[in-house]
Amino acid sequence: MEDTNSSIYALKTSAGQERNVARLLARKARTIDGIGISSILVPESLKGYILVESSTKIDLRNPDLKVQHLRGVVGGDATITFEEVKRFLKPEPIISSIQKGSIVELISGPFKGERAKVVRIDESREEVVLELIEAAVPIPVTVKADQIRIIQKEAD
């Protein structure tokens, strides 16, 4: 639960380095007294940012907080409420936002970068059957839902 004298800060990191920054900050928080960091959250949906709960004000001029790939504190003195953080604790499954007929882009696998149309959705297995748009012959391709990014939702 949230402590009354703790504040939650958003820290800007290099994109893709969120977990590394969190690990380095956690190591420093365990070994160095006075930093005051009690928890660190790395939300998957928030690229380039981590959330840090601290009993002291986060000041990056402090040499103890110098960590590679840490770029700054968002909003300076602004803190984030616990209500705003709650939505990152239980994220919405990706499969629930995908609709049949949507245009998606594959972000991993052998067809990385290809655009496709959603043909069928298997929510129990979290798989999506796609038809590649640029392919000469329409071939159904089955991929996991986390391997695609929605470009255009299906128009009703």
Open item on the list: At 222 nm, what value in deg cm²/dmol follows for the chain if DSSP H runs of at least 4 each add -39500 (n - 2.57) and the sum is divided by all its residues, to the nearest 500?
Closed with: -4500 deg cm²/dmol
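Quick one: accessible area per residue over region 64-117, 1.4 Å probe, rounded to a whole number of Å²? Could the numbers behind the result be given before it?
On the way: 3630 Å² over 54 residues.
Solvent-accessible surface per residue comes out at 67 Å².
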- [ ] Express in nm, to one decimal, how much length is gained between ILE80 and LYS144 on full extension, taking 0.36 nm for each residue of separation and deducting their alpha carbon distance.
- [x] 19.7 nm
Task: Neighbourhood charge, 15 Å Cβ-Cβ cut-off, centred on THR142 and excluding it, Lys, Arg +1 and Asp, Glu -1 - done: -2
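Mind listing which GluC sites (Glu not before Pro) in region 1-63 are in a DSSP loop and have 16 or fewer other Cβ atoms within 10 Å? Spell out each step's value before the answer.
Values: sites: GLU2, GLU18, GLU44, GLU53; in loops: GLU2, GLU44.
Sites meeting the loop and neighbour criteria: GLU2, GLU44.
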Open item on the list: From the convex hull of the Cα coordinates of region 5-87, what is the mean projected area in square nanometres?
Closed with: 5.1
- [ ] Check region 1-109 and count each lysine pair with an alpha-carbon distance under 16 angstrom, considering only pairs eight or more places apart or from different chains.
- [x] 6
Open item on the list: Suppose R0 equals 35 Å. What FRET efficiency, 1/(1 + (r/R0)^6) with r the Cβ-Cβ distance, do GLU127 and LEU89 give to the nearest 0.05?
Closed with: 0.85
TODO: Would you mind giving the average projected area, over all directions, of the Cα convex hull of the chain in nm² with one decimal?
DONE: 12.1
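The values are calculated or read from the model by the stated rules, or taken from the named source; none is laboratory data. Since this is a predicted model, take the numbers as computed values, not measurements. Positions of Cβ are generated from backbone atoms using ideal geometry, with glycine treated the same way; all protein chains shown enter the neighbour counts. The protein model used for the area step is the full one, side chains on, heavy atoms only, and it has no ligands, DNA or RNA in it. Shrake-Rupley method; radii C 1.70, N 1.55, O 1.52, S 1.80 Å.
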